[in-house]
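Working notes, beginning with the structure itself.
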Amino acid sequence: MQFTFEPIGLIRSPFKEKFGIPRQSSLAPAARAELVLLPPFDHPDTVRGLETFSHIWLQFVFHETAARGWTPLIRPPRLGGNAKVGVFASRSTHRPNPIGLSLVELAGIERDQGVRLILNGADLLDGTPVLDIKPYIPFVESRPDARSGFVDGPPPQLPVNWSARAEADLNARPTLPADFRRLVDQILAQDPRPAYQDDPARVYGVRLFDTDVRFRVSEQDVEVLEIRDAP
Ligand code: SAM
C-alpha cells in the first residue's frame, strides 16, 4: 500500500535551521509561528469553529531530514546521547515515515488574505510542510497520570545571562519582535548543544529570524555573547 499526501499549509517560524529548535513543542512558549494554508485549503470554511479551541495538533513532514532515511535504534538526547531505544519509542525525526506531531497553542486566526493560523510554542523549522490540523481535546488526550518512560519531565533549565555587548546588539535591532529576548532566553535555558558536547569555551550560534545569536554554556549558566547578522 502506498499513499500520497499533499501539504495543506507551510510553517513560517523564526527557526531557520534545526540547531536550537526546542526538542518538543510548548518548551519555548515564545516561539511564535504561523501556519499559512495553501490553496485550495486556504478558504475560511476549512477553519470555521477552530478558534474555539486553544490548542491544536499539527501533523507535519520532517522535510529537512526526510531524505536521510531511518534506523531501528536511535539515541535520544534525554539519555545522554549514548543509550539507544527503538525508533518507535522515540520522537526522533529519523522515522520510516518522517512525520512529526506537535501540540501548539492557537493564538489566533487571520482570514484577511487566505488563512493564517498564529501559533505559540512551535518546534518547527521555517518552511515545514503541514499535512493536517486537528483540535486538541483535553478530556480525551490529557493524561497527567500516564507513564512517560525515559522522558521524566521538562529538561533542566540554566540561567541565561546577557553580556553588555549582546544587550547593545539587541537594542540596535528595533525591528526584532518585542519578545525576541524572551525567545532567546527560553531556547538557551534548555542548553541546545548536542548531548556529547561539553566545552565551556566553545562558542555556538543559533539562527533566529535574520540573526545569529552567539552564546556559550558553562555548568552554571548560559552567556549570550553577541547578536550578529545571520551568515
Ligand atoms: N513534536 C514533534 C514530534 O514529536 O513529532 C517533533 C519532535 S522532534 C524531536 C523536534 C525536532 O525536530 C526539533 O528540535 C527540530 O530540530 C526538528 N525539526 C523541526 N522541524 C523540522 C523539519 N521540518 N525537518 C526536520 N527536522 C525538523
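List of remarks:
- Test result for Val151, of a type in the set (A, V, I, L, M), at pLDDT 95 or above and under 21 Å from the mean Cα position of the chain (by Cα): no
- Residue list for segment 75-98, restricted to those being more than 9 Å from the ligand (Cβ to nearest atom) and at pLDDT below 95: Arg75, Arg78, Leu79, Gly80, Gly81, Asn82, Ala83
Per-residue answers, yes or no, for (1) in a strand (DSSP E or B); (2) touching a residue at least 40 places away in the same chain (Cβ under 8 Å):
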residue	(1), (2)
Leu27	no, yes
Val36	yes, yes
Phe60	yes, yes
His63	no, yes
Ala67	no, no
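- Once segment 99-142 is narrowed to residues that are of a type in the set (Asp, Glu) and in a loop (DSSP other than H, G, I, E, B), the residue that is surrounded by the most Cβ atoms within 10 Å (Cβ to Cβ) is Asp123.
- Flag for Gly149 being in a loop (DSSP other than H, G, I, E, B) and not assigned by TED's automatic domain parsing to the domain that holds Phe41: yes
- Scope segment 152-167; condition surrounded by 11 or more Cβ atoms within 10 Å (Cβ to Cβ) and assigned to a helix (DSSP H, G or I); matching residues: Arg165, Ala166, Glu167
- Here Glu6 meets the list (1) surrounded by fewer than 17 Cβ atoms within 10 Å (Cβ to Cβ); (2) more than 10 Å from the ligand (Cβ to nearest atom); (3) within 16 Å of the chain's Cα centre (by Cα) almost entirely, failing just condition (3).
The values are calculated or read from the model by the stated rules, or taken from the named source; none is laboratory data. Predicted, not measured: the structure shown is a model, and the values here were computed from it. Note: ideal-geometry Cβ built from the backbone for every residue, glycine included; neighbour counts use all protein chains shown.
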